[in-house]
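Q: Pasting in a structure now, in structure tokens, and then I'll have a few things to ask.
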Amino acid sequence: MATTLSFFQLNDVHGYLNLHQELFYGPTGPEYRPCGGYARIATLLQQWRQQYPASLLFDGGDTFHGTRPVVDTQGEILVPILNELGVAGMTAHWDFAYGPDRLRQLVKQLNYPLLAANVYEKASGELVYPPYQVYETAGLRVGVIGLACPIVDKTMPAHFGEGLRFTDGTAELPRYVAELRGTERADLVVLLSHCGFPQDVALLQAHPGVDVCLSSHTHNRLYEPYRAGDCLVIQSGAHGSFVGRLTLTVENGRVTAHDHELREVSADLTPDPALQARIDAALLPYASLREVVGVTATGLHRGTSVECPADDFLLASIRALVPADLYFSNGWRYGAPIPPGPVQLNDLYDLVPMDPEIETVELTGAELRQMLEKNLEGTYSQNPLHQMGGYVKRALGLKAYFKAENPKGSRLQTVFIKDQPLDPGRTYTAAYITAQGVPPQFGRNRRKTGQHVVAVMRAYLTQHRPMVVHPHATFVVV
């Protein structure tokens with residue numbers, strides 16, 4: 001007898017409570033239109049649940065971070081909203097931003113579990129969260145394994161993973177698949193992962209036995225499932241601009257058919273009135289974020305792997321006030337775009353919601369080259385499990401020609417600093433934001449400037465009205 005079961009997917013919402021701008025690629029370049037918001041997501045979920053009554057909704061993580069109200073409340077503002085959605089489970093990444101203890105507090109308030117088979121207490125070696133959960137629906141036993149993002153203790157600020165150890169899931173996945181198939185008698189096995197799309201595909205191809213992978217982290221908009229062996233992999237964009245649906249037909253313990261939809265959470269969806277009222281009330285203390293602080297003639301986004309106008313603006317703002325040879329931010333993917341037109345204070349916080357203090361550091365040319373090669377390996381590694389998330393480091397003051405396809409340590413071809421070839425023995429001063437901009441193993445004489453990046457961006461907009469951002473071609477693929 002055939003059984004039908006649907007999975008609904010949210011991933012990488014990054015704290016976007018309300019309708020916001022989203023980036024789309026059109027025939028002549030970037031296009032923008034409003035999407036998202038939990039009240040519209042709730043409406044879509046209600047429609048789907050009527051149409052697909054046997055269903056489970058999962059959240060892939062990057063939930064409790066990404067907008068100013070969420071960061072300011074350390075995720076608290078989201079808890080009552082998330083508890084209205086009927087989520088079955090989640091996993092995590094930036095959710096560790098306020099430290100492991102704070103995430104535990106948040107999870108205790110949720111009416112669903114956080115699943116992570118790859119997060120251990122360093123001291124005891126014990127798992128921090130349940131590795132999986134079995135759900136019974138549509139007459140099926142569905143085992144769901146969670147994998148949190150493995151880079152938390154490797155490239156994120158140290159306090160994110162304090163006292164914890166994260167693995168890439170290579171050892172855990174086959175173990176728990178076997179346990180679910182055997183002891184737990186699961187009819188279906190699902191991987192809820194925040195490892196990233198290339199990483200998930202590599203894991204699934206090496207370790208068969210998973211039926212469905214709900215992938216996150218890399219912000220892929222998959223308009224049809226990817227097959228990794230016998231496993232169907234979906235990922236549903238970012239910022240809550242999309243919700244994914246995968247409907248399976250199951251016969252005798254086998255998936256015999258599937259139907260998939262990546263639905264844009266468009267502005268014409270009527271928001272759920274009760275949830276919208278809750279969101280509006282929660283955001284009342286943040287009304288000042290709607291202040292218009294400038295005008296941009298250039299669309300600002302982070303939708304490109306090598307350089308992007310949003311960080312070109314951010315780094316130009318720092319350069320205007322902080323003397324240095326070089327300027328760095330991280331290759332973040334998150335952050336709703338800012339179309340040409342008025343810029344609100346809220347838009348600046350969307351780019352860097354934690355509003356870090358700008359710091360300076362001294363780097364030798366040899367260290368600089370090593371840092372850039374490390375970043376390129378983390379972005380383009382030929383082994384997906386060695387990719388560390390994010391895009392190419394954002395920079396100003398240098399010009400680097402590189403080959404993305406080269407092996408580790410050999411991608412940089414030529415590097416110039418202020419039109420002069422990089423000198424391995426020379427010391428350069430770099431201004432940066434967060435430990436992801438210049439990781440702590442590089443450089444010396446780190447100094448705080450007393451300048452915070454949101455105020456610096458705001459000052460730059462005041463001086464450039466309207467602001468025009470020209471590409472700097474800092475990194476050039478050859």
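Q: Filter the stretch 355-370 down to the residues that are hydrophobic (A, V, I, L, M, F, W, C) and either touching a Lys or Arg at 6+ places or on another chain (Cβ under 6 Å) or surrounded by fewer than 19 Cβ atoms within 10 Å (Cβ to Cβ) (or both), then identify the one that is nearest to Leu315 (Cα to Cα).
A: Among those that are hydrophobic (A, V, I, L, M, F, W, C) and either touching a Lys or Arg at 6+ places or on another chain (Cβ under 6 Å) or surrounded by fewer than 19 Cβ atoms within 10 Å (Cβ to Cβ) (or both), it is Val361.
Q: Separate question: Can you find a residue that is modelled with pLDDT under 95 and within 30 Å of Pro69 (Cβ to Cβ) anywhere in the stretch 372-388?
A: yes
Q: Report whether or not Leu422 is crowded, with 16+ Cβ neighbours inside 10 Å and in contact with a Gly (Cβ under 6 Å, 6 or more places away or on another chain).
A: Working: crowded, with 16+ Cβ neighbours inside 10 Å: yes; in contact with a Gly (Cβ under 6 Å, 6 or more places away or on another chain): yes.
It is true that Leu422 is crowded, with 16+ Cβ neighbours inside 10 Å and in contact with a Gly (Cβ under 6 Å, 6 or more places away or on another chain).
Q: Here is a check on your reading of the model: is Asp95 out of contact with any Pro (no Cβ under 7 Å at 6 or more places or on another chain), of a type in the set (D, E, K, R), buried (at least 19 other Cβ atoms within 10 Å of the Cβ) and more than 23 Å from Thr247 (Cβ to Cβ)?
A: yes
Q: State whether one or more residues within the stretch 185-200 are charged (D, E, K, R) and under 30 Å from Met1 (Cα atoms).
A: Yes: the stretch 185-200 contains one or more residues that are charged (D, E, K, R) and under 30 Å from Met1 (Cα atoms).
Q: Hey, another quick one. Mind counting the residues in the stretch 129-155 that are surrounded by fewer than 22 Cβ atoms within 10 Å (Cβ to Cβ) and touching a residue at least 12 places away in the same chain (Cβ under 8 Å)? Break it down stepwise before answering.
A: Of the stretch 129-155, the ones surrounded by fewer than 22 Cβ atoms within 10 Å (Cβ to Cβ) are 129-131, 133-141, 153-155.
The next check asks that each one be touching a residue at least 12 places away in the same chain (Cβ under 8 Å); those that pass are 129-131, 133-135, 137-141, 153-155.
So the count comes out to 14.
Q: If you go through the stretch 2-27, how many residues are in a loop (DSSP other than H, G, I, E, B) and either free of Cβ contacts under 8 Å to residues at least 24 places away in the same chain or on the phi < 0 side of the Ramachandran plot (or both)?
A: Number satisfying all stated conditions: 7.
Q: Residues that are more than 17 Å from the chain's Cα centre (by Cα): find the helices (runs of 4 or more DSSP H) completely inside the stretch 51-131 holding 3 or more of those.
A: Where helices (runs of 4 or more DSSP H) fall fully within the stretch 51-131 and carry at least 3 residues being more than 17 Å from the chain's Cα centre (by Cα), they are 79-82, 100-109.
Q: Find all pairs meeting these conditions: Cβ atoms under 6 angstrom apart; at least six residues apart or on different chains; first residue within the stretch 189-216 and small (Gly, Ala, Ser); second residue in a loop (DSSP other than H, G, I, E, B).
A: Here the result reads Gly196/His217; Gly196/Thr218; Ser215/Gln235; Ser216/Asn11; Ser216/Asp12; Ser216/Gly60; Ser216/Gly61; Ser216/His194, each pair linking the stretch 189-216 to a residue that is in a loop (DSSP other than H, G, I, E, B).
Q: Here's another thing I want to ask about it. Just one of Ala431, Ala435 is crowded, with 18+ Cβ neighbours inside 10 Å and in contact with a Ser or Thr (Cβ under 6 Å, 6 or more places away or on another chain); which is it?
A: Ala431
Q: Got a number for residues in the stretch 226-254 being of a type in the set (Phe, Trp, Tyr) and crowded, with 21+ Cβ neighbours inside 10 Å? Working first, answer last.
A: First pass over the stretch 226-254, keeping only residues of a type in the set (Phe, Trp, Tyr): 226, 242.
Of the ones still in play, those that are also crowded, with 21+ Cβ neighbours inside 10 Å are 242.
Counting residues in the stretch 226-254 that are of a type in the set (Phe, Trp, Tyr) and crowded, with 21+ Cβ neighbours inside 10 Å gives 1.
Q: Right, another one. What do you reckon, is Tyr401 of a type in the set (Phe, Trp, Tyr) and crowded, with 17+ Cβ neighbours inside 10 Å?
A: When the stated conditions are applied, Tyr401 does not pass them.
Q: Moving on to the next point. For a quick check of your reading of the model, give me the residue pairs whose first member lies in the stretch 402-428 and is farther than 17 Å from Leu376 by Cβ, whose second is assigned to a loop (DSSP other than H, G, I, E, B) and of a type outside the set (Gly, Ala, Ser), with beta-carbon atoms closer than 6 Å and at least 6 apart or on different chains.
A: Tyr428/Asp325
Q: Within the stretch 292-342, which residues are assigned to a loop (DSSP other than H, G, I, E, B), more than 24 Å from Ser241 (Cα to Cα) and in contact with a helix residue (DSSP H, G or I) (Cβ under 9 Å, 6 or more places away or on another chain)?
A: Across the stretch 292-342, the qualifying residues are Val322, Ala324.
The values are calculated or read from the model by the stated rules, or taken from the named source; none is laboratory data. Note that this is a predicted model, so its numbers are computed, not measured. Every residue, glycine as well, gets a Cβ built from its backbone with ideal geometry; the counts of neighbours run over all protein chains shown.
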